[in-house]
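Worksheet for the structure shown next.
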Amino acid sequence: MRHLLSAACGLVLICAFAGQGSAEDLAGKTAETATATNPVVVEMFTSQGCVACPPADEFFASLTRDKRVIALSLHIDYWDYIGWEDSFGSSRFTERQKEYARVIGSRTIYTPQFIIGGVERIEGLDPESTLKALADYAAAQSPVTLTVTREGDRLVIRARAEPPLTEPARVELARYLPEATVDIERGENAGKTVTYRNIVTGWDSLGDWAGIEPLEISIPITGELPAVVLIQDVSGKGAKAAGPGRIFAAAVAP
């Protein structure tokens, strides 16, 4: 479904799996050159109220099982008005999707939408293009090395850039719920039961890092939800506007 930043209208953007194999078969091809130390971040913008989203949610679930991928599902809230309020929807995630659109000078946002590595944008369900982008970004070299460890109730984040970055990068922390099943009672998906995975419940900026000297910070962390640390370019260099760009590195806290 497509959403204009100033007005809303619906458009189903969905590709069938026909001729491409099952989601599990495709996931097995994901980024064969990837390594566990350089995972590729996939952000999927989705909604319980989007009729085109359940097949994409199913495909996304296959990505969450690959340790070479950090798959994060961000539920937006701009489809809540059409009959069903997304129980995980957040204006914070809607704003992040808008920020991605502004970077390329677009006034349109979609569900479902996949963002690969902070740069590649795929509207609708297109497993073949998604997996190709994953392989491309897994093969790309990053100047940033990131490690994340838990030390009691503290999360220790260490990063180094070789060579140093030319623009500051933002250090961000996401927490996510690994799995939840929802019975959708109204709206375009009324009567469907959907199991969602890696549902982002919180997203916080920890500050900017110049990328010249090594980074080491320690932050408090509570609760059992998994945590992901991302280091992302936000300079907008070469883009239409400043905003989220290439994800240099990401790691799941052990």
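We did not get these values from a lab; they are worked out from the coordinates using the rules stated. All of these numbers come straight from a predicted model, not from anything done at the bench. Counting neighbours? That spans all protein chains shown, and the Cβs are built from the backbone with ideal geometry, glycine included.
Setting aside same-chain residues fewer than 8 positions from Lys132, which lysines have a Cα under 16 Å from its Cα?
By straight Cα distance, Lys132 reaches Lys29.
What nm value, rounded to one decimal, do you get for the distance between Glu162 and Ser129 when each label is placed 7 Å out toward the C-beta?
3.7 nm
Using a Gaussian network model of the chain with C-alpha springs under 10 Å, which one of Gly152, Gly202, Gly187 is most mobile by mean-square fluctuation?
Taking springs between Cα atoms under 10 Å, the residue moving most is Gly152.
List the residues, sorted by chain then number, that are 5 or more residues from Tyr176 or on another chain and whose placed amide H is less than 5 Å from its amide H.
When sequence neighbours closer than 5 places are left aside, the close amide H contacts are Thr201.
Starting from the Cα of Lys240, draw a straight line to each of the aspartates and glutamates and keep only those under 18 Å, dropping any in the same chain fewer than 8 residues away.
Here the aspartates and glutamates satisfying the reach criterion relative to Lys240 are Glu95, Glu99, Glu120, Glu167.
Rounded to whole Hz and in sequence order, give me ³J(HN,Hα) for segment 145-160 from the Karplus expression 6.51 cos²θ - 1.76 cosθ + 1.60, θ = phi - 60°, writing x for Gly and Pro.
Couplings: 10, 10, 10, 10, 9, 9, 10, x, 9, 10, 10, 9, 10, 10, 8, 9 Hz.
Return the loop-located trypsin sites (Lys or Arg not before Pro) in segment 40-138 (DSSP other than H, G, I, E, B) with at most 12 other Cβ atoms within 10 Å of their own Cβ; answer none if there are none.
Lys67, Arg107
Based on alpha-carbon centroids, what's the gap between segment 173-234 and segment 94-140 in Å, whole number please?
17 Å
Note down the net charge around Glu224, summing +1 for each Lys or Arg and -1 for each Asp or Glu among other residues with Cβ under 14 Å from its Cβ.
0
Can you give me the distance in nm between label points at Asp80 and Asp153, each placed 7 Å from the Cα along the Cα-to-Cβ direction?
My value for the distance between the label points is 3.1 nm.
In Å and from the alpha-carbon atoms only, list the Rg and Dmax of segment 71-159.
Every Cα atom of segment 71-159 included, Rg and Dmax give 16.4, 46 Å.
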